[in-house]
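Visitor: First the structure, then my questions, so here it is.
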């Protein structure tokens with residue numbers, strides 16, 4: 001009976017999300033999301049990082065239309081996506097690579113990056129490879145930002161996409177890296193699906209020589225582990241305070 005009720009609940013959620021995709025303002029689940037996430041979005045946080053920290057070389061995995069890539073103020077920018085379709089104006093020195101992230105990292109032999117934003121394929125094994133490769137190509141004082149790390153329920157966190165809002169199982173890739181080096185990870189409960197920051201690549205690479213296998217823990221246990229290093233920041237002053245204690249520099253001059 002419990003399995004049947006769970007199945008009915010899942011199918012009801014799918015129906016609700018389908019209905020939500022047809023609404024002009026997407027009201028369904030709005031209360032649930034407001035309780036979990038801050039008023040700052042992940043775009044607000046990324047814009048703050050670009051404004052505040054001295055980023056010479058920026059890498060974005062998963063460019064899509066270029067909305068977040070356009071936020072960058074770095075001296076050199078690289079966007080990697082096998083199927084991007086740029087709609088946002090890009091001002092500055094930008095390199096767009098129409099490849100998978102695996103192919104890009106396999107062939108890349110340039111300088112390390114100061115900031116890497118991971119928002120590519122939302123599949124745990126792929127995300128783990130992206131994180132490991134980003135750590136290998138990150139400056140010692142650099143930072144990685146990972147999107148979609150805090151799904152607000154199991155439906156949006158499904159490995160298969162059948163909803164209008166979808167994070168995939170990115171969270172399963174993140175958990176082993178938290179367990180490996182908890183002090184090097186900070187999660188911000190930024191709308192609409194969380195943003196996790198990773199620093200100190202040397203601390204990770206001292207114990208890693210390959211990508212970590214995605215966690216086999218259940219959804220609730222994974223969320224508990226991620227939540228242990230998470231903050232809900234509702235304004236720029238609070239964001240400055242939280243980031244200041246986690247990642248103090250290098251700052252813009």
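Visitor: Quick one: helix 170-180 against the long Cα principal axis of the chain, what's the angle to the nearest 10°, folded into 0 to 90?
Guide: 60 degrees
Visitor: Mean residue ellipticity at 222 nm from the helices of the chain, using -39,500 (n - 2.57) per DSSP H segment of n ≥ 4 over the full residue count, to the nearest 500 deg cm²/dmol?
Guide: -11000 deg cm²/dmol
Visitor: Sticking with this structure for a sec: Where is the GNM fluctuation largest for the chain (alpha-carbon springs, 10 angstrom cutoff): 205, 174, 40?
Guide: Among 205, 174, 40, the largest mean-square fluctuation in the Gaussian network model of the chain belongs to 205.
Visitor: While we're on this one: Would you mind pulling out the separation of the Cα centroids of region 27-96 and region 123-171, in Å?
Guide: 15 Å
Visitor: Continuing with the same structure: Compute the angle between helix 42-52 and the longest alpha-carbon principal axis of the chain, please, reported from 0 to 90 degrees and rounded to the nearest 10.
Guide: Orientation of helix 42-52: about 20 degrees from the principal axis.
Visitor: If you consider only alpha-carbon coordinates, what radius of gyration and Dmax does region 64-123 have, in Å?
Guide: 11.4, 31
Visitor: Please report 10, 149, 187 as a ranked list, fewest other C-beta atoms within 10 angstrom at the top and most at the bottom.
Guide: Ranked by crowding around the Cβ, least crowded first: 10, 187, 149.
Visitor: Hey, what did the chain get for relative contact order, percent, Cα under 8 Å, at least 6 apart?
Guide: Working: 454 pairs, mean separation 51.1, N = 253.
Relative contact order here is 20 percent.
Visitor: Fully extended, how many nm does the chain gain between residue 103 and residue 91 (0.36 nm per residue separation, minus their Cα-Cα distance)?
Guide: 1.7 nm
Visitor: Could you check what % of the DSSP bridge pairs in region 31-246 are antiparallel, to the nearest 5?
Guide: Working: 8 of 29 bridges.
Roughly 30 percent of the beta bridges in region 31-246 run antiparallel, per DSSP.
Visitor: Here is a follow-up. Which ordering of 236, 144, 86, 226 is given by a fewest-first count of other beta-carbon atoms within 10 Å?
Guide: Listed from fewest to most nearby Cβ atoms, that is 236, 86, 226, 144.
Visitor: Suppose we keep just the alpha-carbon trace of region 48-93; what are its Rg and Dmax in angstrom?
Guide: For region 48-93, the Cα radius of gyration and maximum Cα-Cα distance read 10.2, 30 Å.
Visitor: Can you tell me the 0 to 90 degree angle between the C-alpha axis of helix 236-246 and the longest principal axis of the chain, rounded to 10?
Guide: 70 degrees
Visitor: Would you mind ranking 181, 95 so that the residue whose beta carbon has the fewest other beta carbons within 10 Å leads the list?
Guide: 95, 181
Visitor: Taking the alpha-carbon set of the chain, what are its Rg and Dmax in Å?
Guide: 18.0, 63
Read-outs throughout are calculated quantities, based only on the coordinates presented, and are distinct from any laboratory measurement. If you're wondering where the values come from, they're calculated on a predicted model, not measured in any experiment. Note that we place each Cβ from the backbone using ideal geometry, even for glycine, and neighbour counts take in every protein chain shown.
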